[in-house]
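A.B. asks: The following block contains the structure, expressed as structure tokens.
Throughout, read-outs are computed from the coordinates displayed, never taken from laboratory work. As the structure is a prediction and not an experimental result, all values here were calculated from the model. Every residue, glycine as well, gets a Cβ built from its backbone with ideal geometry; the counts of neighbours run over all protein chains shown.
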Amino acid sequence: AQSVAQPEDQVNVAEGNPLTVKCTYSVSGNPYLFWYVQYPNRGLQFLLKYITGDNLVKGSYGFEAEFNKSQTSFHLKKPSALVSDSALYFCAVRGGNTGGFKTIFGAGTRLFVKA
Amino acid sequence: DTEVTQTPKHLVMGMTNKKSLKCEQHMGHRAMYWYKQKAKKPPELMFVYSYEKLSINESVPSRFSPECPNSSLLNLHLHALQPEDSALYLCASSQGPQGASGNTIYFGEGSWLTVV
């Protein structure tokens with residue numbers, strides 16, 4: 001069975017500092033990995049995805065994520081956090097081999113960026 | 001900005017009412033989804049339509065009834081709901097079914113449903 005874990009309920013970072021939101025996954029076969037952001041009272045916005053190729057994926061709003069196959073991780077990063085980055089972040093995974101191919105979402109990590 | 005449009009943004013309904021949530025996308029996507037999301041929780045898949053046919057029903061109670069009139073539209077008909085059904089209902093779409101490569105699922109802004 002496929003699963004995804006976001007080990008931190010909340011991440012606090014000062015504006016201007018680098019941020020990391022962690023995600024680990026478990027799937028059969030090659031994974032498809034996604035990051036979404038949700039601002040208060042809004043839907044989920046797609047940030048970036050890893051399908052194949054370069055392990056470092058760049059996405060919207062200056063975010064990037066690094067795929068690490070040996071550690072089964074896909075951590076979201078940004079070199080310099082903004083107060084406006086404060087939101088709820090979801091990692092999602094879809095397995096490449098198992099039947100159904102449903103997208104599984106992590107529990108979410110709340111990011112607080114302090115001015 | 002999202003290209004998946006949902007109406008209404010807010011809906012309050014009684015337990016005996018019949019109402020519908022509507023969703024529209026003009027990206028030419030052939031898969032459409034309904035998700036339910038409780039506060040500060042991840043979205044939970046309810047239904048998937050692939051090429052206008054229902055392909056996944058995640059054991060959703062029959063008081064929720066999906067409909068896909070055409071490839072651009074998706075409805076969720078609501079009847080005899082319970083207060084615990086109050087949530088944010090998200091519509092989404094993707095180019096093809098989830099199982100096909102790394103298709104991205106794009107979400108609408110959601111419909112806030114309150115059952116009183």
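A.B. asks: Gain in length, residue A:41 to residue A:114, computed as 0.36 nm per residue apart minus the alpha-carbon separation, to one decimal in nm?
C.D. replies: 24.2 nm is the gain from fully extending residue A:41 to residue A:114.
A.B. asks: Can you figure out the FRET efficiency of residue B:54 with residue A:9, using R₀ = 30 Å and their beta-carbon distance, to the nearest 0.05?
C.D. replies: E(calc), rounded to 0.05, equals 0.30.
A.B. asks: For region B:1-50 and region B:55-89, what is the separation of their C-alpha centers, rounded to whole Å?
C.D. replies: If we compute the Cα centre of each part, the gap is 8 Å.
A.B. asks: Neighbouring Cβ atoms within 10 Å as the yardstick, rank B:13, B:46, B:32, B:27 fewest first.
C.D. replies: With the fewest neighbours first, B:13, B:46, B:32, B:27 line up as B:27, B:13, B:46, B:32.
A.B. asks: Continuing with this model, one more query. Averaged over its residues, how many other protein chain Cβ atoms are within 10 Å of peptide A:84-90's Cβ atoms?
C.D. replies: Per residue, the average neighbour count from other chains is 1.
A.B. asks: About the Cα centre, and with charges only on the beta carbon of Lys, Arg (+1) and Asp, Glu (-1), how big is the dipole of chain B? Nearest 20 debye, please.
C.D. replies: With only Lys, Arg, Asp and Glu charged at Cβ, the dipole is about 240 debye.
A.B. asks: Next question, about the same structure. Straight-line reach from residue B:9: which lysines have a Cα under 29 Å away, not including same-chain ones fewer than 8 places off?
C.D. replies: A:49, A:102, B:18, B:19, B:22, B:36, B:38, B:40, B:41, B:53
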